[in-house]
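S.K.: Okay, handing you the structure first.
The values are calculated or read from the model by the stated rules, or taken from the named source; none is laboratory data. Just so we're clear, the structure is a prediction, and the values are computed from it rather than from any experiment. Please note: Cβ atoms are built from the backbone with ideal geometry, for glycine as well, and neighbour counts cover all protein chains shown. Remember, those area values only see protein heavy atoms, side chains included, never the ligands or the DNA or RNA. Shrake-Rupley method; radii C 1.70, N 1.55, O 1.52, S 1.80 Å.
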Amino acid sequence: MPSGWPKPTQRSEEWRYVTIREWSESVEQPGSQSTTKQKQKADYESTLDSAAGDILHVVSDVSHSDEDSKTVKEIRGIVQLAANFWLKMGSQRCRIIVMLPNLDDDAADGRRREHLPRKLVAQPELRRIGNFLGQQLDSIDEVVGECYRDIHDLGGK
């Protein structure tokens, strides 16, 4: 696991998956729901309205948009898309990690050309943490699809 990233536990991943599924069901299902799910949906909508309002406030400081304009609908749409994306990503049972290889070159220090890296990562490698059941969280050995790293040598020293 890359340094600086928290290591997921079986318990935390199960909690995340179950909790996000409950919220997704509350948000996506209209009509007759339990009181708890109705409250969750109302809280979710309130949060989206608040976020859109905050963004609109900042935008109105730098533009001539008003609260009746097309801008309000567009901002609300962006906030809705971001929230939907968050719900969908949170409901995934496994995690994907972008693995950048250690190129064993001098890091670019911005001072001299000979200190620039000699290799270019054209495509990082994607690896999966856990399996489709949300288990085996200590394993990141499996490369996702055909997403192997692609490194180009830019010339020797």
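S.K.: Report the calculated FRET efficiency for residue 78 and residue 37 (r = Cβ-Cβ distance, R0 = 30 Å), to the nearest 0.05.
M.R.: Numbers: r = 26 Å, r/R0 = 0.85.
Here the calculated transfer efficiency is 0.70.
S.K.: Now for a separate question. What is the distance, in nm, between label points placed 7 Å from the Cα along the Cα-to-Cβ direction at residue 153 and at residue 92?
M.R.: In this crude label model, residue 153 to residue 92 measures out at 3.4 nm.
S.K.: Another question, then. Take the cross-link list 41/88; 7/41; 41/70; 7/119; 39/88; 7/88 and give me the ones stretching past 27 Å between alpha-carbons.
M.R.: 7/41; 7/119
S.K.: List the residues, sorted by chain then number, that are 5 or more residues from residue 119 or on another chain and whose placed amide H is less than 5 Å from its amide H.
M.R.: 154
S.K.: Additional query: Say R0 is 41 Å: what FRET efficiency, to the nearest 0.05, do residue 55 and residue 119 get from their beta-carbon distance?
M.R.: Numbers: r = 40 Å, r/R0 = 0.98.
Result of the calculation: an efficiency of 0.55.
S.K.: Could you pull the accessible area for residue 44 with a 1.4 Å probe, rounded to 10 Å²?
M.R.: 20 Å²
S.K.: Can you sort 64, 152, 57 by 1.4 Å-probe accessible area, starting with the largest?
M.R.: From most accessible down to least: 64, 57, 152.
S.K.: If ligands, DNA and RNA are left out, what is the accessible area of residue 144 with a 1.4 Å probe, given in Å² to the nearest 10?
M.R.: 40 Å²
S.K.: With a 1.4 Å probe and all protein chains in place, put 47, 9 in order of accessible area, largest first.
M.R.: 47, 9
S.K.: Let me ask another. Quick one: how many Å² of residue 86 are accessible to a 1.4 Å probe, rounded to 10?
M.R.: Looks like 150 Å² after rounding.
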